[in-house]
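The structure under discussion appears below in the form of structure tokens.
The values are calculated or read from the model by the stated rules, or taken from the named source; none is laboratory data. Just so you know, these numbers come straight off a predicted model, no measurement behind them. As a convention, Cβ positions derive from the backbone with ideal geometry for all residues, glycine included, and neighbour counts pool all protein chains shown. These area figures cover heavy atoms from the full protein model, side chains too; ligands, DNA and RNA do not enter into them. Shrake-Rupley method; radii C 1.70, N 1.55, O 1.52, S 1.80 Å.
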Amino acid sequence: MISVVYILRDAEKYIEASLESIKDLADEIICVVDTRTKDNTAKICARYVPVFVYEYDWKGFAMARNYGIN
């Protein structure tokens, strides 16, 4: 099983191309979106299956990564 975890903030310019490039390779894709995001990052992620989108109050990269892999 291959899982991909993204830690994202204001990534709408890049996330769609990235998701397109891995959608057939990953069994599970997790997008941890910083709640301070001002663009459509979460909405773009939500269009993809099997993508799980979680909003996260930023407490640092390591905490966001650990949140995503849990």
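Looking at the range 19-55, which of the residues that are farther than 21 Å from ASN66 by Cβ and small (Gly, Ala, Ser) is modelled with the highest pLDDT?
SER21
Checking the conditions here, which among GLU55, GLU20, GLU28 is touching a helix residue (DSSP H, G or I) at 6+ places or on another chain (Cβ under 8 Å) and on the phi < 0 side of the Ramachandran plot? Reasoning before the result, please.
On the way: GLU20 fails: touching a helix residue (DSSP H, G or I) at 6+ places or on another chain (Cβ under 8 Å); GLU28 fails: touching a helix residue (DSSP H, G or I) at 6+ places or on another chain (Cβ under 8 Å).
Unique residue meeting the criteria: GLU55.
Note down all Cβ pairs under 8 Å where the first residue falls in the range 35-61 and is closer than 20 Å to MET1 by Cα, the second is part of a loop (DSSP other than H, G, I, E, B) and open to solvent by 60 Å² or more (accessible area, probe 1.4 Å), and they're at least six residues apart or on different chains.
What qualifies is TYR48/LYS23; PRO50/ASP27.
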